[in-house]
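The values are calculated or read from the model by the stated rules, or taken from the named source; none is laboratory data. Predicted model only: the values in this text are computed from it and were never measured. No Cβ is skipped: glycine too gets one built from the backbone with ideal geometry, and neighbour counts run over all protein chains shown. Note: areas computed on protein heavy atoms with side chains; ligands, DNA, RNA excluded. Shrake-Rupley method; radii C 1.70, N 1.55, O 1.52, S 1.80 Å.
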Amino acid sequence: LVACGYSQISGIDHDESYAPVVNDVTYRIVILCMMLYGLPAKIVDVETAFLHGDLEGIEIYMDCPLGMNHEPDQCLILNKTIYGLVQAARQFFKKLVTCLISLGFKPGLVDPCLMTKRTKQGMVMIAIYVDDCLFVGNENIIKETIQSIVKWGLNVKIEDDLSDYLCCKIVFNKNKTKAWLGQPQMVRKIADKFGDMVQNLQTYRTPGTPNQGIIRTPKGGVVERVDPADHSLYRTGVG
């Protein structure tokens, strides 16, 4: 069951909609700290994350789903966010950060998606990427934090193997003193789809099609639309 977020109106049904995510440089620094100080790491994935956000001062109504018994003039009012809402990711982020701050974590001044906590037992760093969180630090504090998050009503899935995070493959040496980060699966995916199209083509230092001019269509002129298949392929390639 999802909401039709495309029908929401900015300024009425939502204000700011983005959810900040950890910077890729911060992510690498956290992994460096893990290797330098020999810290354990866990990936904590919050399940059904977008169902936990609170709607703040906004009433959002939704058509009753098929199969639900209701009168023709009845509809639903949402008490919390739901998948499909434009602001669902942002509201979940605010919920998670509120939970972590209540547990003694502080957001970073440079990167607010890096939460840290220091106690006599040690330190814990949490890198937040929407619902995927990387915990690095004292093992006891990590366990206590996860237990507290569950008490807040968030269901989590825990992975001890830090071999893949945020679509990046991570390969450590035996002593975990060096690491290699890459996206070989993404490279293979691009090569499988576009490899034959660019095989043996000349390369250029600047992007664009050589010798092709872009001119405005004269008034009354016929605009030739791009084939839908080519349009989809182009958007896929750019993405």
- [ ] Quick one: grab the alpha carbon gyration tensor of the chain, order the square roots of its eigenvalues as a ≥ b ≥ c, and give me rounded if a/c is under 1.5, else prolate or oblate depending on whether a/b is larger than b/c.
- [x] oblate
- [ ] Give the distance, in whole Å, between the Cα centre of segment 131-188 and the Cα centre of segment 78-122.
- [x] 17 Å
TODO: Leaving out ligands and nucleic acids, note down the accessible area per residue over segment 123-239 with a 1.4 angstrom probe, in whole Å².
DONE: 80 Å²
Task: Accessible area of segment 47-89 divided out per residue, in Å², using a probe of 1.4 angstrom - done: 66 Å²
- [ ] For every helix of n ≥ 4 consecutive DSSP H residues, a contribution of -39,500 (n - 2.57) applies; sum these over the chain, divide by its total residues, and give [θ] at 222 nm rounded to the nearest 500 deg cm²/dmol.
- [x] -9000 deg cm²/dmol
- [ ] Give, rounded to the nearest 20 debye, the magnitude of the charge dipole that segment 136-239 has about its Cα centre when Lys and Arg contribute +1 at Cβ and Asp and Glu contribute -1 at Cβ.
- [x] 280 debye
Task: Cα→Cβ-extended label distance, 7 Å offset, between TRP152 and TRP180, nm - done: 3.7 nm
- [ ] Give me the net charge of ARG235's neighbourhood, meaning all other residues with Cβ under 14 Å from the Cβ of ARG235; Lys, Arg count +1, Asp, Glu -1.
- [x] -1
TODO: Work out which chymotrypsin sites (Phe, Trp or Tyr not before Pro) in the chain are exposed loop sites (DSSP not H, G, I, E or B, at most 11 other Cβ within 10 Å) and give the longest gap free of them.
DONE: 19-203
TODO: Please list, in chain and number order, the residues 5+ apart from VAL156 or on another chain whose amide H is under 5 Å from its amide H, with Hs placed from the backbone.
DONE: GLU47
Open item on the list: Looking at the chain, identify the longest residue range that excludes and avoids all GluC sites (Glu not before Pro) in DSSP loops having at most 14 other Cβ atoms within 10 Å.
Closed with: 60-223
TODO: Report in % the part of the accessible area of segment 49-194 that belongs to carbon and sulfur, leaving out ligands and nucleic acids; probe 1.4 Å.
DONE: 53 percent
Open item on the list: Is there a quick way to get the dipole size of the chain? I mean about its Cα centre, with the Cβ of Lys and Arg at +1 and of Asp and Glu at -1; what is the value in debye to the nearest 20?
Closed with: 1240 debye
- [ ] Could you pull out the pairs from LYS151/LYS178; LYS157/LYS178; LYS117/LYS157; LYS151/LYS189; LYS169/LYS193 whose alpha carbons sit more than 29 Å apart here?
- [x] LYS151/LYS178; LYS151/LYS189
- [ ] Using label points projected 7 Å from each Cα along Cα→Cβ, tell me how many nm separate LYS169 and THR209, to one decimal.
- [x] 3.5 nm
TODO: Considering only PRO210, PRO20, PRO40, give the residue with the highest GNM mean-square fluctuation for the chain, with springs between Cα atoms whenever their separation is below 10 Å.
DONE: PRO210
